[in-house]
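Working notes, structure below.
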Amino acid sequence: MDGVRRRYWMVEKAGPNMRKYGRQLFICNHGDCAPAEEAEALHRLVLERNRQQQLNRLRNPHRIKCTLADCLGVCQGGPILVVYPDGIWYHGVDAEGLERIYREHLIEGNPVEELIFHRHFPGGREPAYAPEMRGDEGLAPVPWAPLVEGTEPEGEPGAVEGAEEAAAELRRMAARRNRRKKGLVIVNTGEGKGKTTAALGILTRAWGRRMKVGVVQFLKHENARFGEIRAAERMGEIDWISSGDGWTWTSDDMDETVARARHTWGICQERIVNGGYDVLILDEFTYLLHYGWLDGNEALAWLEANKPPLMHLVITGRYAPRNLIDFADLVTEMRAVKHPFGEKGIRAQAGIEY
Ligand code: FES
């Protein structure tokens, strides 16, 4: 057997060496859940931490491997950090969050519940931590050294400085991102067609970005089966609440209409506070303000105080009152130029108007 063949045979037989590590982390840097640069800064901070805690050493059985990954399929609320073998997914990880995850979870073994949004395994039933599985758990990880200016943990020289710089960079990026992001109040009003249709366009766009979206219809009948409701069912993951009585300009039981609209406002308030929506449409909400079914100032003060800062609210309906227009960030007035019924008596068409 010549030299080349023998080497090939040996590699094939022996296989490559497996380097031990305790945990593997993945950070998404695809860019939709959080800016890629922020994910990269988080990655640098983990590497600095690893260096400082000596968890970068190839022969340390507790070694932590951290990898930047393409889209992890969440695409919102980032940066996303996944810890394996535990199967624990964290979101919104900033410099402080990472410090907690690193100390409480990776060093001390207690996952940070407030930052978890998904567990691959039921809590407490995660697979054994790799060093325990391999039987080398007798070697304890290096104790946690907090990232406080002036403290000099054991480890390589310069490790704290590097981690401080990475954390500061991450904080700057998160601050920039928060300044850029704002939940808008959008109002589609006016006499023309297309107010709800335009709102549903926003909903579709947000749904396509895997944002959490919902619709509250204040006046549409609770049993309505319009095309958009059927579409939402087929798309999935869209909360749709219609609890009106199908009010029209000629309705004769106004007490019932008003009672239902107020009841729906109560549901809507609960959803705004607890629903976790990125985009919520309040369809035909303007009528509640215009007709005085709700106290407009009170309702807007409530929104001002309780709308989560990053949630986008889209409000539709004719007669948007002045205080709502002042409150909103974006107001569009639909104006009828020509209408098939008004011009030619053509009735509403399925797939176009309902
Ligand atoms: S873009 Fe980060 S999870 Fe999809």
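Read the figures in this text as sums done on the coordinates, not as results from a lab. Keep in mind that this is a model prediction, so the values were computed, not measured. Virtual Cβ from ideal backbone geometry, glycine too; neighbours counted across all protein chains shown.
Check the straight Cα-Cα distances from residue 20 and name the aspartates and glutamates below 16 Å, setting aside those fewer than 8 residues away within the same chain. Residue 20 reaches 132, 136, 137. Annotation: aspartates and glutamates with alpha-carbon distance below 12 angstrom to residue 338 (same-chain offsets under eight excluded): 191.
Residues in the range 295-312 carry Karplus couplings, in order, of 6, x, 5, 5, 5, 6, 5, 5, 4, 4, 7, 10, 5, x, x, 9, 7, 8 Hz; the curve used is 6.51 cos²θ - 1.76 cosθ + 1.60 with θ = phi - 60°, and Gly or Pro positions show x.
Backbone phi angles across the range 255-263, fed through the Karplus curve with coefficients 6.51, -1.76 and 1.60 (θ = phi - 60°), yield HN-Hα couplings of 4, 5, 4, 5, 4, 5, 4, 5, 4 Hz in residue order; Gly and Pro are listed as x.
What you get for the chain, charging only the Cβ of Lys and Arg (+1) and of Asp and Glu (-1), is a dipole of about 1500 debye around the Cα centre. Near residue 63, the amide H atoms lying under 5 Å from its own belong to 22; only residues 5 or more places off or on other chains count, and H is placed 1.01 Å from N. Taking only the C-alpha atoms of the chain, Rg followed by Dmax gives 27.7, 98 Å.
Spacing of the modelled spin labels on residue 350 and residue 113, each 7 Å from Cα toward Cβ, amounts to 5.1 nm. Across the range 67-150, the fraction of Cα-Cα pairs farther apart than 18 Å, rounded to a whole number, is 48%.
Beta bridges per DSSP, both residues in the chain: antiparallel share near 25 percent. With the simple model of a label 7 Å out from the Cα in the direction of the Cβ, residue 176 to residue 24 spans 3.1 nm. Along its first, second and third principal axes, ordered by size, the range 219-354 spans 47, 35, 32 Å in Cα coordinates.
Each of the peptides 332-339, 92-99 was scored by the mean count of other Cβ atoms within 10 Å over its residues; in descending order, highest first, they stand as 92-99, 332-339. Residue ranges 212-224, 270-282, 302-314 sort as 212-224, 270-282, 302-314 when ordered by packing (mean number of other C-beta atoms within 10 Å per residue, highest first). Between the beta carbons of residue 223 and residue 67, assuming R0 = 56 Å, the FRET efficiency works out to 0.65 to the nearest 0.05. Close amide H pairs (under 5 Å, H built 1.01 Å from N) link residue 215 with 239, 240, 241, 281, residues at least 5 positions away or on another chain.
What is the calculated FRET efficiency for residue 237 to residue 128, with r their C-beta to C-beta distance and R₀ = 35 Å, to the nearest 0.05? The pair residue 237/residue 128 has a calculated efficiency of 0.55. Couplings for the range 212-218, taken from phi via the Karplus curve 6.51 cos²θ - 1.76 cosθ + 1.60 with θ = phi - 60°, read 7, 10, x, 10, 10, 9, 7 Hz in order; Gly and Pro are left as x. The lysines within cross-link reach of residue 181, meaning a Cα-to-Cα straight distance under 23 Å and a gap of 8 or more places when in the same chain, are 212, 307.
Residues whose amide H falls under 5 Å from that of residue 312, counting only those 5 or more places apart or on a different chain, are 184, 279, 280, with hydrogens built in the peptide plane.
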